[in-house]
1. Just checking, how many residues over region B:60-80 are facing chain A (nearest Cβ under 10 Å) and either open to solvent by 10 Å² or more (accessible area, probe 1.4 Å) or among the acidic types (Asp, Glu) (or both)?
2. Any chance you could count how many residues in region A:192-207 are exposed (fewer than 10 other Cβ atoms within 10 Å of the Cβ) and at pLDDT 70 or above?
3. Can you say whether B:Lys163 is more than 10 Å from chain A (Cβ to nearest Cβ) and modelled with pLDDT of 80 or more, as far as the supplied structure shows?
4. For region A:45-85, which positions are within 8 Å of another protein chain (Cβ to nearest Cβ) and among the β-branched types (Val, Ile, Thr)?
5. Which of the residues spanning region B:159-191 are at positive phi and either open to solvent by 30 Å² or more (accessible area, probe 1.4 Å) or of a type in the set (A, V, I, L, M, F, W, C) (or both)?
6. Can you tell me which of (1) surrounded by 11 or more Cβ atoms within 10 Å (Cβ to Cβ); (2) modelled with pLDDT under 65; (3) in a loop (DSSP other than H, G, I, E, B) is the one A:Ala134 doesn't meet?
7. In region A:145-171, what residues are farther than 24 Å from A:Asp64 by Cβ and either of a type in the set (Asp, Glu) or surrounded by 11 or more Cβ atoms within 10 Å (Cβ to Cβ) (or both)?
8. Identify the residue in region A:28-44 that is surrounded by fewer than 14 Cβ atoms within 10 Å (Cβ to Cβ) and out of contact with any Lys or Arg (no Cβ under 8 Å at 6 or more places or on another chain) and, among all such residues, is farthest from the other protein chains (Cβ to nearest Cβ).
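The values are calculated or read from the model by the stated rules, or taken from the named source; none is laboratory data. Given the structure is predicted, the values throughout are model-derived calculations rather than measurements. Heads up, the Cβs are rebuilt from the backbone with ideal geometry, glycines too, and the neighbour counts pull from every protein chain shown. Quick note on the areas: whole protein, heavy atoms, side chains included, nothing else; ligands and nucleic acids left out. Shrake-Rupley method; radii C 1.70, N 1.55, O 1.52, S 1.80 Å.
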Amino acid sequence: MKTPPDESQIVRWLDGEMTASERSAFEAMLTQDPELRAEIDSLSRLGETLRKNLPVERELPHADFFNSQIQVRISQEEMQSAREESRASLRQSWFSGFRLPWVLAAASAVVALVAVTFRPTEDERASFVISSYAPNPSVQARTFHSDEANATVLMLEGLTALPPDRKIVGHQVFRSETDQEVATTTLFSETGDVLLVLAKGAENRPQVIPRSPRS
Amino acid sequence: MKPDMPSPNAPVDGEVSDLELVKRCQAGDTRAFDALVTKYRNRIYSMAYHIIQNETEAWDISQEAFIKAWRAMGSFKSDASFYTWLYRITHNVCYDWMRKKKFESEGEFDDSEREHRVAAGAEAVPRGAPRPDQAMKNAELKVQIDWAISQLSPDHRQIILLKEMDGLSYQEIADVMKCSLGTVMSRLFYARKKLQELLKETYENAA
């Protein structure tokens with residue numbers, strides 16, 4: 001009675017993982033069993049077909065944005081962790097200071113001072129840009145926080161000057177009636193033509209719709 | 001490994017090796033990490049996409065995998081392959097996502113949510129349709145293969161891709177999927193049998 005090969009023998013034969021002696025014993029088995037031979041040949045053709053037709057890589061959409069987002073998240077996490085460490089270190093010295101008897105005597109005066117030191121400042125609550133990325137190497141991006149405007153300002157240097165017919169003189173924001181978060185921004189030229197429409201795509205990512213002449 | 005595919009870890013001329021980049025990352029060099037992201041982002045995205053079958057989720061999962069890799073960079077041992085280590089992290093992120101999804105849907109995966117199932121495409125190109133040239137024939141075969149792979153369970157889908165697409169060894173697959181060599185061989189066997197069942201007519205006719 002023939003002993004059918006187990007799964008691992010078939011798999012290892014297909015992947016060329018058998019030793020020479022295992023291989024010759026398995027192939028001897030194949031000559032005795034045409035049904036098994038046909039099955040093995042079919043699986044072998046399947047493997048060839050897969051290797052020939054499977055794409056090794058799939059193109060990642062918005063690849064530059066993907067990288068820059070990772071860099072931003074790393075920077076944010078490191079800033080956060082540095083802040084926590086700094087606070088922990090301050091607390092540590094605060095509590096260890098209490099172990100000294102002479103410090104207890106001055107405790108009431110110190111409490112007021114430390115409370116002020118620990119209170120988060122306005123700047124800490126404000127949002128700020130940790131890193132910026134410009135895909136065009138000739139463009140330099142820098143950011144700063146404007147107290148006057150209470151906003152983060154993004155400066156782009158090295159951009160080509162806009163031709164007069166692309167000069168933006170006005171904009172209009174259209175919000176969805178059902179969802180105020182969904183909006184498109186239309187930028188207009190001096191002549192009232194639509195220069196650009198900015199919106200969010202289905203994946204909630206920024207989308208620029210090319211300009212079209214005013215109808 | 002596939003004979004026509006160089007090891008993903010092998011540096012080409014003028015390229016810095018993974019190990020060198022990893023050492024720089026361990027010293028806090030985020031630019032070195034950016035170079036690793038650029039090198040592996042398509043492969044990681046492909047893997048996540050094939051497991052999850054959804055482009056948007058695969059994009060987010062790939063990003064999460066790289067962030068986790070950055071956080072765990074200190075624990076990476078230089079005697080291991082960065083590529084399989086990164087794959088293992090991606091595998092874990094994908095499976096965490098699937099567990100969460102399963103929990104949220106109170107039971108089973110909702111197949112209707114898969115964005116890029118190609119079954120519809122396969123139906124649009126019936127098997128008996130005329131094939132005017134080889135390019136058309138190959139394109140159809142790729143669609144059929146993509147569809148057949150999407151029909152496999154996540155474990156079987158991943159093992160086929162790790163073996164046939166990335167050319168990993170049994171041991172590397174076992175490391176990525178955290179299972180024994182016996183389980184790798186068994187899963188490979190049943191995944192291939194299932195694909196054979198789904199594709200036999202197609203690939204035998206295409207030969």
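1. Result for region B:60-80: 5.
2. So the answer is 1.
3. no
4. If the condition is that a residue be within 8 Å of another protein chain (Cβ to nearest Cβ) and among the β-branched types (Val, Ile, Thr), then A:Thr49, A:Val56, A:Ile70, A:Ile74 are the ones that fit.
5. B:Lys178
6. Going through (1) surrounded by 11 or more Cβ atoms within 10 Å (Cβ to Cβ); (2) modelled with pLDDT under 65; (3) in a loop (DSSP other than H, G, I, E, B) one by one, A:Ala134 breaks only (2).
7. Within region A:145-171, A:His145, A:Asp147, A:Glu148, A:Ala151, A:Asp165, A:Lys167, A:Ile168, A:Val169, A:Gly170, A:His171 qualify.
8. A:Ala28
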